[in-house]
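Encoded as structure tokens, the structure appears first; notes follow it.
Every read-out reported here was derived from the displayed coordinates using simple, explicitly stated rules and does not represent laboratory data. Because the structure is a prediction, the values reported are computed rather than measured. Glycine gets a Cβ as well: all are built from the backbone with ideal geometry, and neighbour counts include every protein chain shown.
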Amino acid sequence: MKKIVFSIIFVYFIVVFMVHFIPAFGTAVTDNNVHLIWERTNLPNTVTAVYLLIRVYDTVFEVLLFSLIVVSVGFLLKYEPKSEISEQTVFLTARVFSGVIMAISIVIFLNVVLRGHITPGGGFAGGVILASGVVLYGICSNFIKALAHYDVYKIKFFETISFVAVISVMTMVSVFPDVVLVFTSPPEAYSVLSGGIIPLINLLIGFKVYAGSWKLASEFVVRRGTL
Amino acid sequence: MISSIIILTAMVSFFIGIAGLFFNRNILKKVLSLAVVEISTVLFYTGISSVNGITAPIITSVDGYVITMANPIPQAVIITGIVIGFAVLSLLLVFTVMLHNRYHTLDVHTIERIFERETQ
């Protein structure tokens, strides 16, 4: 009975939405502001221009929220019992190819992050790519080794440094609108350096997102229960 | 055309997720249904941004602006939504892990019954 009532409400909403809100097929409704953003910021990828220059105050709180969630998940799971982690027995093929995919994901991370202002990409996408590569390596090859790299390479230290740097630069951009992060006369159009400081911010955000995502994923895998 | 199809698909998957939230008794399935709702919201914004056209809003040459480019502002705004959805999912999964460690079940009715018996 409940499901029937729910289905009727669903169909009602769909019909109302179709009649009133969806624009007619094939009509251009609004002006996209691509040329305005292009004139104002001079960055080819206008999505990056919006979320790193024009609406940077959104991104500040986004990075802040992400860091807060990583800290709170670590705090809440601190006293939960851990599962026993032992060496996995996996096929040699999976072991070799997970390392190869890990290397490929590092290369894609650098490409996506450093060229995020010219081509599709950016800090958040790059960080998630790198973290999924590391998680894949941990699941398919050796989870103990993947857990150890967080301490061996001092990821937490660099994560803190990149967090402070990102927050301070973004706060500067949003409080003082006269600060110019893009070179007024770029060295060469559509090169990496033409973005000014944007590739550096993308790199720091990418590293931050990678460290946080890996921390979250490893916390859950360590406490996976009877799996 | 494509925009309308995307928006309708997003609406349908949104209601599928809401139905999963209502009718599932397993907490993990409820969390996954919430994930479906969040992803369909992202899809909805993508559909709204592609009303004018589906060309990526990346200017490849100095005079490369075309009118059929997708609107970049909803795409940039929804990045915040994606991160918040990720955060909410992580916190919910943490609470699921804590509940399972305490009650050794994920069934909502069983947890409520045990909780009532404990509080009486």
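At a glance:
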read-out: Cα-centre dipole for region A:25-107 with unit charges at Cβ (Lys and Arg positive, Asp and Glu negative), debye to 20; value: 120
read-out: Within 10 Å of each Cβ in A:41-49, the average number of Cβ atoms from other chains; value: 5
read-out: Alpha-carbon centroids, region B:1-29 and region B:33-71: separation in whole Å; value: 20
read-out: Helical segments meeting 24 Å axial Cα length and Kyte-Doolittle 1.0 threshold in chain A (DSSP H); value: A:2-20, A:56-76, A:92-114, A:123-140, A:155-175, A:198-222
read-out: Magnitude of the charge dipole, chain A, Cβ model with Lys/Arg +1 and Asp/Glu -1, debye to 20; value: 680
read-out: CD proxy at 222 nm, helix term only [per DSSP H run n ≥ 4: -39500 (n - 2.57); per residue of chain A; nearest 500]; value: -22000 deg cm²/dmol
read-out: Degrees, to the nearest 10: B:108-119 long Cα axis against longest axis of chain B; value: 40
read-out: Residues A:H35, B:H104 arranged by fewest to most Cβ contacts within 10 Å; value: B:H104, A:H35
read-out: Rg/Rh for chain B, where both radii come from Cα atoms and Rh is the Kirkwood radius; value: 1.20
read-out: Amide N of region A:1-20 lying under 17 Å from the label point, which is placed 7 angstrom from the Cα of B:F23 along Cα→Cβ; value: A:1-14
read-out: C-alpha center-to-center spacing [region A:118-166, region A:39-110] in angstrom; value: 6
read-out: Nearest 10 degrees, 0 to 90: helix B:2-23 Cα axis against chain B principal axis; value: 10
read-out: Theoretical gain in end-to-end length, A:V15 to A:L110 [0.36 nm per residue, Cα-Cα removed]; value: 29.6 nm
read-out: For q = 0.14 Å⁻¹, Debye-computed log10 I/I(0) when each Cα of the protein assembly as shown counts as one equal scatterer; value: -1.27
read-out: Computed E for B:Y65/B:L91 - FRET, C-beta separation, R0 45 angstrom, nearest 0.05; value: 0.60
read-out: Amide H partners (placed H, <5 Å) of A:G196, local residues excluded; value: A:F183
read-out: Residue-averaged 222 nm ellipticity for chain B, from DSSP H runs of 4+ at -39500 (n - 2.57), nearest 500; value: -26000 deg cm²/dmol
read-out: Of A:Y137, A:V222, A:V50, farthest towards positive along the dipole that unit charges on Lys, Arg, Asp, Glu beta carbons give chain A; value: A:V222
read-out: Folded to 0 to 90 degrees: helix B:72-103 orientation relative to chain B principal axis, Cα; value: 10
read-out: Subset of A:K3/A:K78; A:K215/B:K29; A:K215/B:K30; A:K2/B:K30 violating a 29 Å alpha-carbon distance limit; value: A:K3/A:K78
read-out: Simple label model, 7 Å out from Cα along Cβ direction - B:I114 to A:K156, nm; value: 3.2
